[in-house]
Amino acid sequence: MNLKSTVPSNREPIATVEEYQRALLRLRDEKLQSLDLPIFKAFCEAPDCTLTATRLAELCELSAWNESNLRFGLLAQRIARALGYKPTKRRDGTPRWWEAAALGSSDESADANFRWTLRPELVECLKKMRWV
């Protein structure tokens with residue numbers, strides 16, 4: 001598996017629409033999780049495809065912002081692996097999996113107000129595939 005470089009800012013594309021499509025088809029074949037499509041839909045319907053962890057929790061009927069962090073992080077981790085993308089790491093060495101699916105602050109805080117913006121190439125892919 002050819003891992004993509006993660007040295008540039010997370011604002012640079014990490015994959016093309018077609019690469020996202022192949023990755024999502026792999027995820028579909030492995031079985032999508034029950035919240036995957038609602039998470040994508042919530043982002044794509046939000047202004048500028050941007051949500052806080054708290055708002056994502058509300059829209060997907062999750063218990064709290066920390067559950068949306070967990071769910072979105074796991075989804076992004078599966079996308080990263082399907083893409084062969086290696087995310088940057090926090091100071092404590094843990095990966096920022098969300099970078100595979102979204103743009104956001106590289107700030108170390110992962111609180112209720114952390115804002116994610118779904119990557120434009122992923123949004124285009126989701127619309128092209130009619131998943132949202």
Can you tell me which residue among Ala82, Ala102 is within 17 Å of Pro120 (Cα to Cα), hydrophobic (A, V, I, L, M, F, W, C) and either touching a residue at least 60 places away in the same chain (Cβ under 8 Å) or in contact with a Cys (Cβ under 9 Å, 6 or more places away or on another chain) (or both)?
Ala102
Are any residues in region 28-55 of a type in the set (A, V, I, L, M), touching a residue at least 24 places away in the same chain (Cβ under 8 Å) and either in a loop (DSSP other than H, G, I, E, B) or surrounded by 21 or more Cβ atoms within 10 Å (Cβ to Cβ) (or both), and if so, which ones?
Leu35, Ile39, Leu51, Ala53
Whether any residue in region 68-79 is surrounded by fewer than 21 Cβ atoms within 10 Å (Cβ to Cβ), modelled with pLDDT of 95 or more, assigned to a loop (DSSP other than H, G, I, E, B) and not acidic (Asp, Glu) is what I want to check.
no
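Report whether or not Ala23 is modelled with pLDDT of 95 or more, among the small types (Gly, Ala, Ser), closer than 21 Å to Glu61 by Cα and not in a loop (DSSP other than H, G, I, E, B). Lay out the reasoning, then the answer.
Working: modelled with pLDDT of 95 or more: yes; among the small types (Gly, Ala, Ser): yes; closer than 21 Å to Glu61 by Cα: no; not in a loop (DSSP other than H, G, I, E, B): yes.
No, not satisfied.
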Determine the pairs where a residue that is farther than 14 Å from Arg11 by Cα and part of a helix (DSSP H, G or I), located within region 115-129, has a partner that is among the polar types (S, T, N, Q) and modelled with pLDDT of 95 or more with Cβ atoms under 6 Å apart, the partner being 6 or more residues away or on another chain.
Cys125/Gln21
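The values are calculated or read from the model by the stated rules, or taken from the named source; none is laboratory data. Bear in mind that the values here come from a model prediction, so they are computed numbers and not experimental data. Cβ sites come from the backbone with ideal geometry, for glycine too, and all protein chains shown count toward neighbours.
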